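Input: a single structure, listed below in structure tokens.
The values are calculated or read from the model by the stated rules, or taken from the named source; none is laboratory data. No experiment lies behind these values; they were computed from the predicted model shown. Here the Cβ positions follow ideal geometry from the backbone for every residue, glycine too, while neighbour counts run over all protein chains shown. Protein only, heavy atoms only, side chains kept; ligands, DNA and RNA dropped before computing areas. Shrake-Rupley method; radii C 1.70, N 1.55, O 1.52, S 1.80 Å.
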Amino acid sequence: MNHEQQSSTQPAALPDGARAQDLRVGVVGIGWAGQQHLKAYEALDGVSIVSLAGMEQELRESLQAEYSIPSAFADWKDMLNHGGLDAISVAVPTFLHAPIAIAALERGIHVLSEKPIARNAAEGQAMVDAARKAGRVLDVAFNHRRRGDIQALKGVIDEGGLGRPYYAKASWLRRSGIPTLGSWFTNPELAGGGPLADIGVHALDYALHLLGEPKVVAVSAATHSELGPQGRGGGNEYSALASSHAFDVEDFASAFLRLEGGGTLLIEASWATYRESDDLLDFTVYGTDGGAELKVQGAPFPTVGQLRVFTDKDGESADYVPPVLPGRAHDGVVEDFITAVRGGEAVWGEHDGSLALYRAQIIDACYQSALEQREVRL
């Protein structure tokens with residue numbers, strides 16, 4: 001057999017102590033994201049990790065042993081063909097999201113995919129169509145909306161604490177954060193785009209989430225590729241100089257979004273730009289009765305950022321700092337996915353990936369706007 005695997009010829013047995021009625025899950029992808037999914041599944045009652053797929057043999061074998069996973073494969077196709085799965089996580093490069101998710105859905109397997117949903121909206125639509133046809137859950141992991149500070153601000157906005165929001169800005173900015181030059185991250189055919197598609201989609205997601213999911217009616221965007229092509233912007237962690245391959249995506253993007261009802265939203269995303277050294281994830285919102293600012297210096301790792309609300313009472317300043325608890329990140333993503341799967345057919349149709357598809361449609365419009373140097377209406 002060409003593909004390395006362990007226990008691949010045996011039925012998908014349950015781990016020691018697991019019950020027959022446990023949900024049987026698998027994880028495709030064993031990098032950082034895949035490992036977050038493994039940890040989250042392991043912490044849930046009534047869930048058994050029964051299969052793992054990843055190309056790096058040593059790491060795959062180590063994770064298989066750590067989580068006592070019965071079956072492990074180098075090729076995701078072998079994992080699906082092996083069977084015995086109720087649900088899978090897809091935590092691999094973006095160009096593989098659609099083929100893996102569609103193949104799993106066609107087998108009746110529920111799917112949780114990493115963001116973005118796919119390289120573009122057309123692939124995302126195919127995934128959504130497959131979920132609807134199969135009558136199965138398709139969720140996409142937007143973990144930053146589950147930050148405690150974002151949830152606290154969401155509560156303030158939903159309770160009317162800012163009045164009607166009319167302007168917001170969301171960004172994720174790095175000074176030297178280009179993923180390895182020459183890797184799939186910097187190849188548009190594999191990644192779908194640069195920082196706008198990679199980390200900008202997080203800013204877009206939590207911004208629209210905070211604002212109550214307003215419809216985006218038009219976008220005007222610009223992309224720049226200034227530092228990556230010169231081998232700069234990689235820093236010690238990302239090794240931009242480690243490859244002679246071309247840098248074929250943007251390293252900075254900004255987008256101005258017109259929202260239904262007259263509101264506006266500015267999105268900024270950078271892998272490399274001359275600014276302070278710490279990464280910044282932030283959100284600013286102005287409303288008719290107040291405003292707020294969230295700043296997460298050193299993003300995304302501080303569990304709680306600096307959140308302030310600006311308002312007044314009886315003509316006097318009444319600014320305050322809301323109480324914030326740490327969020328649950330991928331733990332919350334995976335738990336919500338499993339809750340949806342357990343909800344049965346009555347709720348599966350509410351989890352068809354359409355929200356993530358809408359994010360992809362907006363990102364596509366931004367890239368079209370940047371390419372054609374004009375506003376694009378959705």
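Taking the criterion of being buried (at least 21 other Cβ atoms within 10 Å of the Cβ), of a type in the set (Ser, Thr, Tyr) and outside any helix (DSSP H, G or I), the only residue of region 196-227 that qualifies is 223.
In the set 72, 65, only one residue is assigned to a strand (DSSP E or B), farther than 23 Å from residue 353 by Cα and either modelled with pLDDT under 95 or not basic (Lys, Arg) (or both); that residue is 72. State yes or no: is residue 361 in a helix (DSSP H, G or I), touching a strand residue (DSSP E or B) at 6+ places or on another chain (Cβ under 7 Å) and either without any contact (Cβ under 8 Å) to a residue 40 or more places away in the chain or open to solvent by 20 Å² or more (accessible area, probe 1.4 Å) (or both)? Considered against the rule, which asks whether it is in a helix (DSSP H, G or I), touching a strand residue (DSSP E or B) at 6+ places or on another chain (Cβ under 7 Å) and either without any contact (Cβ under 8 Å) to a residue 40 or more places away in the chain or open to solvent by 20 Å² or more (accessible area, probe 1.4 Å) (or both), residue 361 comes out as no.
Would you mention how many residues in region 320-346 are assigned to a helix (DSSP H, G or I), within 17 Å of residue 135 (Cβ to Cβ) and open to solvent by less than 40 Å² (accessible area, probe 1.4 Å)? Even if it seems obvious, please write down each step before you answer.
So in region 320-346, the residues assigned to a helix (DSSP H, G or I) come out as 329-342, 345-346.
Next, only the ones that are within 17 Å of residue 135 (Cβ to Cβ) stay: 337, 340-342, 345-346.
Among the residues that remain, those that are also open to solvent by less than 40 Å² (accessible area, probe 1.4 Å) are: 337, 340-341.
Of the residues in region 320-346, 3 are assigned to a helix (DSSP H, G or I), within 17 Å of residue 135 (Cβ to Cβ) and open to solvent by less than 40 Å² (accessible area, probe 1.4 Å).
Of everything listed in (1) part of a strand (DSSP E or B); (2) buried (at least 20 other Cβ atoms within 10 Å of the Cβ), the single unmet condition for residue 367 is (1).
For the residues 328, 308, the requirement of being touching a residue at least 24 places away in the same chain (Cβ under 8 Å) and basic (Lys, Arg) singles out 328.
Taken over region 280-311, the criterion of being surrounded by fewer than 19 Cβ atoms within 10 Å (Cβ to Cβ) and in contact with a Gly (Cβ under 8 Å, 6 or more places away or on another chain) is satisfied by 284, 288, 289, 295, 297, 303, 304, 310, 311.
Any residue that is open to solvent by less than 20 Å² (accessible area, probe 1.4 Å), in contact (Cβ under 8 Å) with a residue 24 or more places away in the chain and in a helix (DSSP H, G or I) - is there at least one of those in region 133-143? Talk me through it step by step, then tell me what you get.
So in region 133-143, the residues open to solvent by less than 20 Å² (accessible area, probe 1.4 Å) come out as 137-138, 141-143.
Add one more test, that the residue is in contact (Cβ under 8 Å) with a residue 24 or more places away in the chain, and what stays is 137-138, 141-143.
So of that shortlist, the ones also in a helix (DSSP H, G or I) come out as 143.
Yes - at least one qualifying residue is present in region 133-143.
The number of residues in region 168-195 being charged (D, E, K, R) and assigned to a loop (DSSP other than H, G, I, E, B) comes to 2.
If you filter region 90-114 down to residues that are open to solvent by 30 Å² or more (accessible area, probe 1.4 Å) and in a loop (DSSP other than H, G, I, E, B), you find that the one that is farthest from residue 333 (Cα to Cα) is 107. When residue 292 is tested against (1) at pLDDT 85 or above; (2) closer than 27 Å to residue 364 by Cα; (3) not in a helix (DSSP H, G or I), exactly one condition is not met: (2).
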